[in-house]
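The values are calculated or read from the model by the stated rules, or taken from the named source; none is laboratory data. In this text the structure is predicted, and so the values were computed from the model without any measurement. Backbone-built Cβ (ideal geometry, glycine too); neighbour counts: all protein chains shown. Just the protein is used for accessible areas: all its heavy atoms, side chains included, with ligands, DNA and RNA removed. Shrake-Rupley method; radii C 1.70, N 1.55, O 1.52, S 1.80 Å.
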Amino acid sequence: MIDLHTHILPGMDDGSRDVSESLAMLEASAAQGVGLVAATPHFYAEENSPERFLSRRAEAAQRLRAALRPGLPELRLGAEVHYFEGMARSEWADALCLEGTGLLLLEMPFAPWTERMLQEVRELQNRPGLTVVLAHVERYCRWQNKKTWVELLNWGVLNQCNATCFLQWRTRRAALELLRAGRVHFLGSDCHNMDARPPRLGEAMLRLTAGDRDILLKCWRRFLPEWKEAVR
Ligand SMILES: [Fe+2]
């Protein structure tokens, strides 16, 4: 399994506080059968220059990789990029994609999206070799209308859903509907720590039917060929 969305790098954001917490999160992921973890710390353009973000991320990854033990999931670097105006023309968009792929994990505002915002997403999506993946898609549903979702899918924008949605009775039915309607392409734990927001991707996968799991496996193979070794 691939966990596409985590805050597992030590000291980067509001996720893991230190290397030992990161290791505990990786151990919990491995125990659930996760073979590859994308480390996707928050990137806020208003607070961080891309240069500074990337150098902090490299430093945090180096500290974690130095402490990795055999049997833990592989680590790939990425970012959860918060929407900002001008992102489609940013010279840094490619550097913020998931390592070795053209997938950019994008967090949109929790409010109705304006035409301007959608246009920005479309321009980003149209960059050669880049595919937008909306982070925790389930969180935006109540603010957007059906037309917006149809448009986004038509543009080729992909969606990531948080694994915990499939574990909580309040959100489970809606998450299953999204998955079966072809509107979920990836799951991510969006884990931040070991207490309030631990990794639960494997747990969620176990709660899916074989058919539902198959939808996700097909998406991983189709949209993440670069990481296919870990998907086997
Ligand atoms: Fe996140």
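Summary table
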{"quantity": "Region 2-227: relative contact order as a whole-number percent, Cα under 8 Å and 6+ apart", "calculated": "22"}
{"quantity": "Amide N of region 19-61 lying under 17 Å from the label point, which is placed 7 angstrom from the Cα of ALA95 along Cα→Cβ", "calculated": "41-61"}
{"quantity": "Solvent exposure ordering (accessible area, 1.4 Å, most first) of PHE53, PHE223", "calculated": "PHE223, PHE53"}
{"quantity": "Two-decimal ratio, region 37-129, of alpha-carbon radius of gyration to 2.2 N^0.38 Å", "calculated": "1.19"}
{"quantity": "Cα-centre dipole for region 1-87 with unit charges at Cβ (Lys and Arg positive, Asp and Glu negative), debye to 20", "calculated": "400"}
{"quantity": "Carbon + sulfur, % of accessible area of the chain - ligands and nucleic acids excluded, 1.4 Å", "calculated": "51"}
{"quantity": "Kirkwood estimate for the chain, i.e. one over the average of 1/r between Cα atoms, Å", "calculated": "17.7"}
{"quantity": "Residue order for HIS42, HIS7 - accessible surface, 1.4 angstrom probe, largest first", "calculated": "HIS42, HIS7"}
{"quantity": "By accessible area with a 1.4 Å probe, ligands and nucleic acids excluded, highest first: order of ASP214, ASP195", "calculated": "ASP195, ASP214"}
{"quantity": "Rounded accessible area per residue of the chain, 1.4 Å, Å²", "calculated": "46"}
{"quantity": "Charge dipole (debye, nearest 20) of the chain; +1 at Cβ of Lys and Arg, -1 at Cβ of Asp and Glu", "calculated": "860"}
{"quantity": "Farthest positive-ward along the chain dipole, Cα basis, beta-carbon charges - from THR40, TRP113, ALA60", "calculated": "TRP113"}
